[in-house]
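Student: Here it is, the structure, as structure tokens.
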Amino acid sequence: MAIGDMDATTALSPDLPAAAAVARRDAAVRAAVAQGLVGQGAPVAALLDIVGIRRSAAALRSAFAEVTAAPVLHAFAVKAAPLVPVLRLLRKSGLGAEVASPGELALARAAGVKPSHTVLDSPAKTPAELRQALALGVAVNADNPQELARLDTLTRSAPTRSAIGLRVNPQTGAGSIDALSTATATSKFGVGLRDTGAREWVVRAFLDRPWLTRLHTHSGSQGVPLDLLAEGVRTTYELAEEINQLAGRRQVDTIDIGGGLPVNFDSDSEAPTFAAYARILQRTVPGLFDGRYALVTEFGRALLAKHGTIVARVEYTKAAGNRRIAITHAGAQVAARTVYAPQSWPLRIAAYDAEGRPKTGAAVAQDVAGPACFAGDLLAENRPLPLLEPGDIAAALDTGAYYFATPYAYNSLARPGIHGFSAGTDGGVRFATIRSPQTVEEVVAESGGEHIRTLDAL
Ligand SMILES: *Cc1c(COP(=O)(O)O)cnc(C)c1O
């Protein structure tokens, strides 16, 4: 893995947006220290670059506007950053929401996302969830034949404005991370099109149900190559064409191509871009972009990852077995994937001094450890960085999606505060709270605190 020395990459890179993002981040870390958002009182915090998020949302919209004149709903995958103010920001940037649980649907509604701009995907929707979605007019993608049977009953008992689709699995194969590959032969998601009789079953299911108007596919997240993603979309498009031909009308009017655009975790440049992916899709599936089909996308990680930074105070430094170790306050509770699967999820770490200025100095291999009580709680192992000292700030980069936003309660470590930032008119950095730091009282309350005596009676 190329963990670039930040100064070197920014000095050599012609990538001006990346250089600007680094400058915004550096200014934000400095200001976060100065304003006490991270430091003695708050050993770990998370920062979100609002300018960067707005730019990514605009880049996504223009990438698809370049390749099609058809309507496109960009439904942000809420699981990537389940934060109400962020969902509202994205809504105001023209995006909708893809939700996969009652909680995510509630977050999207709290953020004011319209039902018609909301898509419900989940492999385990209960009858109550389906009924709620249909009553609201939220689009629903059924996962399997049993769910379709439930929808038969529900749509018969009450009229709905919801667009209803079926998720299919093109079974085009896995990417580099098995746990995130949803288009394998045995994936739990959707109807596997290559299974014996399955394709015929899907076609029949549509012909029997005039209200079934969408096809949905999502081949996976991070690690799935773009041509494999595009191949899955092509398979889905061809199925739509077949259904429409047999139906003798444009029954399938919308294709939901899912998300899954991978993120570059080894430098500040954003690659691949939404524009590059849109062009690959247009080349692979030209018919999908000729205006006959409305589109839905469900990107998560690629919209948010680059814009988040975890800042953690270095509490102690030590050495063991000739290994230098910096013990920080960011570990599994904010970076579960990196800690449990470091090969798949390496993160760049940037070193800042106690005032929040980028540290310079010779790189020394060191472990950047978290606060949790197990040996594997490491954000980075044997990583060359300017030598961290107590009071310094270690920053875990590219953590805007699926990291601090989806914390893990190990060791009852409190959820850190999340602060949005942008440059003020005076050139200074302005912060706004996105999620308050969790207090220890709240930790007690959500750990059964109100049931303190219930076991006495048993
Ligand atoms: C997770 C998920 C997404 C988002 O994936 P990203 O890799 O974050 O873009 C989109 N659609 C579905 C159905 C998902 O499960």
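Each value in this text was obtained by applying a stated rule to the coordinates, not by laboratory testing. This structure is a prediction, so every number in the text was calculated from the model and none was measured. Cβ placement follows ideal geometry from the backbone for every residue including glycine, while neighbour counts extend to all protein chains displayed.
Student: Checking the cross-link filter: which aspartates and glutamates have an alpha carbon closer than 19 Å to that of K318, excluding same-chain neighbours under 8 positions apart?
Tutor: The qualifying aspartates and glutamates are D353, D367, D377, E381, E389, D392.
Student: For segment 51-86 and segment 347-410, what is the separation of their C-alpha centers, rounded to whole Å?
Tutor: 30
Student: Let me spell out the model: positive unit charges on the Cβ of Lys and Arg, negative unit charges on the Cβ of Asp and Glu, origin at the Cα centre of the chain. What dipole size does that give, in debye rounded to 20?
Tutor: On the way: 45 positive and 44 negative charges, 203 e Å.
My answer is approximately 980 debye.
Student: For the pair A365 and R283, what calculated FRET efficiency results from E = 1/(1 + (r/R0)^6), where r is the Cβ-Cβ distance and R0 = 45 Å, to the nearest 0.05? Mind showing how you got there, number by number?
Tutor: Working: r = 44 Å, r/R0 = 0.97.
Computed FRET efficiency for R283 and A365: 0.55.
Student: Toward the positive end of the charge dipole of the chain, about the Cα centre and with charges on Cβ (Lys, Arg +1; Asp, Glu -1), which of Q245, A57, A128 goes farthest?
Tutor: Q245
Student: Counting other beta carbons within 10 Å of each residue's own, what order do E446, E242 fall into, fewest first? Working shown, then result.
Tutor: Values: E446 12, E242 15.
Least to most surrounded, the residues fall as E446, E242.
Student: Hey, what do the phi angles of segment 246-255 turn into as Karplus ³J(HN,Hα) couplings, whole Hz, using 6.51/-1.76/1.60 and θ = phi - 60°, x for Gly and Pro?
Tutor: Karplus values, whole Hz, x for Gly and Pro: 5, 6, x, 7, 7, 5, 7, 10, 9, 10.
Student: Ok, one more. Roughly how far apart, in whole Å, are the Cα centres of segment 241-268 and segment 91-148?
Tutor: Each part reduced to its Cα centre gives a spacing of 18 Å.
Student: Given R₀ = 56 Å, what would the calculated FRET efficiency be for R430 paired with L458, taking r from the Cβ atoms and rounding to 0.05? Please report the intermediate quantities before stating the final value.
Tutor: Details: r = 53 Å, r/R0 = 0.94.
That gives a FRET efficiency of 0.60.
Student: Oh, and also: For the chain, what is the percent of antiparallel DSSP beta bridges, rounded to the nearest 5?
Tutor: 50
Student: Past the 26 Å Cα-Cα mark, which pairs from K79/K306; K92/K188; K125/K306; K114/K188; K79/K114?
Tutor: On the way: K79/K306 16 Å; K92/K188 34 Å; K125/K306 31 Å; K114/K188 29 Å; K79/K114 18 Å.
Over 26 Å apart, Cα to Cα: K92/K188; K125/K306; K114/K188.
Student: If you add up the charges near A28, with Lys and Arg at +1 and Asp and Glu at -1, over every other residue whose beta carbon is less than 13 angstrom from its beta carbon, what do you get?
Tutor: Values: positive: R24, R25, R30, R357, R430; negative: D26, D49.
Residues close to A28 contribute a combined charge of +3.
Student: Still on this structure, I have one more. Using the Cβ atoms and a cut-off under 12 Å, what net charge is assigned to the surroundings of V99, where Lys and Arg are +1 and Asp and Glu are -1?
Tutor: With Lys, Arg at +1 and Asp, Glu at -1, the neighbours total -2.
Student: Which of P210, A365, Q343 sits closest to the plus end of the dipole of the chain, meaning its Cα is farthest towards the positive end, when Lys and Arg get +1 and Asp and Glu get -1 on the C-beta?
Tutor: Ranked along the dipole, the leading option is P210.
Student: Also, I was wondering about something else. How would T213, T118 line up from fewest to most surrounding beta-carbon atoms within 10 angstrom?
Tutor: On the way: T213 18, T118 25.
Arranged by neighbour count, lowest to highest, T213, T118 become T213, T118.
Student: Once you keep just the Cα pairs under 8 angstrom separated by 6 or more residues, what percentage relative contact order results for segment 53-144? All intermediate terms of the calculation are to be shown ahead of the outcome.
Tutor: Details: 125 pairs, mean separation 21.6, N = 92.
For segment 53-144, the relative contact order is 23 percent.
Student: While we're on this one: With a 10 Å radius around each residue's Cβ, average the other Cβ atoms per peptide and rank 253-259, 107-113, highest first. Don't jump to the answer; show the numbers that get you there.
Tutor: Numbers: 253-259: 23.9, 107-113: 19.6.
Ranked from most to least packed, the peptides come out as 253-259, 107-113.
Student: Students often check this: by mean Cβ neighbours within 10 Å, which of 222-228, 134-140 ranks highest, and how do the rest follow?
Tutor: Values: 222-228: 18.9, 134-140: 21.1.
The densest-packed peptide leads the list: 134-140, 222-228.
Student: Same structure again: With a 10 Å Cβ neighbour count serving as the proxy for reagent exposure, in which order, fewest first, do V99, V252 appear?
Tutor: Working: V99 29, V252 24.
Fewest to most other Cβ atoms nearby, the residues stand as V252, V99.
Student: Tally Lys and Arg at +1 and Asp and Glu at -1 over the other residues with C-beta under 12 Å from the C-beta of S56: what net charge comes out? It would help to have the intermediate numbers written out before the result.
Tutor: Working: positive: R54, R55, R61, R301, K306; negative: D49, E270.
Here the charged neighbours net out to +3.
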